[in-house]
Amino acid sequence: MKVRRWMTEAVQTIHPDDLLETATEKMKQGHFRRMPVVDQNGTLVGILSERDAREHHGYLPVTRVNAAMTEQPITIAPDAPIDTAAALLLEHKIGGLPVVSDGNLIGIITETDLLSGFLQGLGGGQQTSTRIDFEFTSEKQTFADAVLAVEKAGGTILGLGTKRTTPEHEEGRGFYLRVCGRDVEGIAEALRDAHYAVKAVHTPGTP
C-alpha cells in the first residue's frame, strides 16, 4: 500500500511570516498537533508543532512562525510504502509526515492514517473485540507506541478511533482501541506500563 492512498490531501498550512498566534488558533480550531509551513509557491519550508509554539508562550502575538518552526522536516514521497512511513514515525518519535512531490506539499500522513491503512489490510473487525479507552499523558507519546505496547502484550488491534474528553480536560487526547487477545487485562496493563492513561476496558457484552 502506498502513502498517497492513505494520506490527507486537504492540509491546513501556515506561512513562515505569519504570527504564532495565528498558527496556534488554526491548530486549536482544527484539532491539529502540527502544521506544515509553506512559502508562496507551495514549497514546504518547515513544520510547526504545538510544542514549538509553547516554547514561545507569552510572545505568540509578536513572534513569526519562521522563528519557531522546525526547518527541513522529515518528509516522505507519495509512492513510498506505508510501512516506510510507519518506520520513520517510530524512529523519529513524530506523529505525522508531510508528503512532498518535487518539493511541493501535496498531503500529510499521520499515525492515525497509517493505522487505518494497516487495519484495512488486516480486514479486521470480524473478531470479538474489547474496547480500551485511553489518553496520552505526554506530548511525546504517539499512537504508534501504543500499538507496539499492545502487540508486545500479545494483542491484535482490530480498530481505533478518537473520543471526546470532558470539558475540564479539553487539552487531553481521548482514544480507543478495539483489540483481541487472550489476556485483555494484560494488554491494558501494558498500556499503563507505557504511561498511557487507561480510562476504561469494555469487554464484550458491556457498554
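The values are calculated or read from the model by the stated rules, or taken from the named source; none is laboratory data. Here the structure is a predicted model, which is why all the values come from computation and not from measurement. FYI the Cβ positions are ideal-geometry reconstructions off the backbone, even for glycines, and counts take in every protein chain you see.
Do we find a residue being at pLDDT below 85 and on the phi > 0 side of the Ramachandran plot anywhere in segment 120-142?
To start, the set of residues in segment 120-142 that are at pLDDT below 85 comprises 120-129, 139-142.
The next check asks that each one be on the phi > 0 side of the Ramachandran plot; those that pass are 123, 125.
Among the residues of segment 120-142, at least one is at pLDDT below 85 and on the phi > 0 side of the Ramachandran plot, which makes the answer yes.
Filter segment 7-26 down to the residues that are within 22 Å of residue 162 (Cα to Cα), hydrophobic (A, V, I, L, M, F, W, C) and in contact with a strand residue (DSSP E or B) (Cβ under 6 Å, 6 or more places away or on another chain) and list them by number. 7, 11 - these are the residues of segment 7-26 that are within 22 Å of residue 162 (Cα to Cα), hydrophobic (A, V, I, L, M, F, W, C) and in contact with a strand residue (DSSP E or B) (Cβ under 6 Å, 6 or more places away or on another chain). When residue 13 is tested against (1) buried (at least 18 other Cβ atoms within 10 Å of the Cβ); (2) closer than 16 Å to residue 94 by Cβ; (3) not aliphatic (A, V, I, L, M), only condition (2) is not met. Looking only at segment 100-114, count how many residues are among the hydrophobic types (A, V, I, L, M, F, W, C) and touching a helix residue (DSSP H, G or I) at 6+ places or on another chain (Cβ under 6 Å). Residues in segment 100-114 being among the hydrophobic types (A, V, I, L, M, F, W, C) and touching a helix residue (DSSP H, G or I) at 6+ places or on another chain (Cβ under 6 Å): 2 in total.
Residues that are modelled with pLDDT of 85 or more, over 15 Å from the mean Cα position of the chain (by Cα) and under 16 Å from residue 12 (Cβ atoms) occur at least once in segment 73-88.
May I ask you to say which residue of 70, 8 is closer than 22 Å to residue 141 by Cα, touching a helix residue (DSSP H, G or I) at 6+ places or on another chain (Cβ under 8 Å), polar (S, T, N, Q) and without any contact (Cβ under 8 Å) to a residue 40 or more places away in the chain?
Details: 8 fails: without any contact (Cβ under 8 Å) to a residue 40 or more places away in the chain.
After ruling out the rest, the residue left standing is 70.
Do we find a residue being surrounded by fewer than 18 Cβ atoms within 10 Å (Cβ to Cβ), of a type in the set (A, V, I, L, M, F, W, C) and farther than 21 Å from residue 6 by Cβ anywhere in segment 42-62? Yes: one or more hits. May I ask you to list the residues in segment 128-152 that are touching a residue at least 60 places away in the same chain (Cβ under 8 Å), part of a loop (DSSP other than H, G, I, E, B) and of a type in the set (S, T, N, Q)? 128, 129, 137 - these are the residues of segment 128-152 that are touching a residue at least 60 places away in the same chain (Cβ under 8 Å), part of a loop (DSSP other than H, G, I, E, B) and of a type in the set (S, T, N, Q).
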